[in-house]
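Notes to accompany the following structure.
The values are calculated or read from the model by the stated rules, or taken from the named source; none is laboratory data. Quick caveat: nothing in here was measured; it's all calculated off a predicted structure. We place every Cβ from the backbone using ideal geometry, glycine too, and count neighbours over all the protein chains shown.
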Amino acid sequence: MKNRGRQGLWILIAGLILTSYACAYGTGTASDTPRAQDTAGAVRLNITNLYNGPMEVYALGSGTSYRIGTVYPGLTSSFLVRPGMIVNGPVEFYARSGTGGPPVRSGRLLLAPGNIVDFKVSTSPLMSVATVRP
């Protein structure tokens, strides 16, 4: 009878050790894990606004959209696009003015970490262009 009690105890201890080992899926601390808002692996977006008013710039991708920032007329601004936006497929940038003009779209871009996108917003949506630098 004493053997059964010890055998059950050892099985319980072995089960707890295996369970704790299975829960420790990675090495390092929780602060070492990458997050979607980290700048490592981000894409740099350079926007030149040739439109006659300020443009609100947005990014669409991975089933979400978010406002990147505002670019004032005649200026070039630089932004970082979150790595979480580029990992699951193409990203599209669009800019719209506060006056209700037609939005300017970059088209869908398949980006990789470290890419640089130059987005030139012209006075006409047809003249606007986005290019990707490696």
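Data table
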| read-out | value |
| --- | --- |
| Pairs where the first residue, in the stretch 92-104, is farther than 18 Å from Leu60 by Cβ and the second is of a type in the set (A, V, I, L, M, F, W, C), C-beta under 9 Å, 6+ apart | Gly98/Met55 |
| In the stretch 84-134, the residues that are in contact with a Gly (Cβ under 6 Å, 6 or more places away or on another chain), closer than 17 Å to Arg44 by Cβ and not in a loop (DSSP other than H, G, I, E, B) | Met85, Val91 |
| Residue satisfying condition, being of a type in the set (Phe, Trp, Tyr), over 15 Å from the mean Cα position of the chain (by Cα) and surrounded by fewer than 20 Cβ atoms within 10 Å (Cβ to Cβ), within set Tyr72, Tyr58, Tyr66 | Tyr72 |
| Of residues in the stretch 109-124 being modelled with pLDDT of 90 or more and β-branched (Val, Ile, Thr), the one surrounded by the most Cβ atoms within 10 Å (Cβ to Cβ) | Val121 |
| Ser78 vs. criteria touching a strand residue (DSSP E or B) at 6+ places or on another chain (Cβ under 6 Å), of a type outside the set (A, V, I, L, M, F, W, C) and surrounded by 15 or more Cβ atoms within 10 Å (Cβ to Cβ) | no |
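To keep it simple, each residue is scored yes or no on (1) surrounded by 15 or more Cβ atoms within 10 Å (Cβ to Cβ); (2) at pLDDT below 90; (3) of a type outside the set (S, T, N, Q).
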| site | (1), (2), (3) |
| --- | --- |
| Met85 | yes, yes, yes |
| Gly89 | no, yes, yes |
| Phe93 | yes, no, yes |
| Thr99 | no, yes, no |
| Val104 | yes, no, yes |
| Gly107 | no, no, yes |
| Leu126 | no, yes, yes |
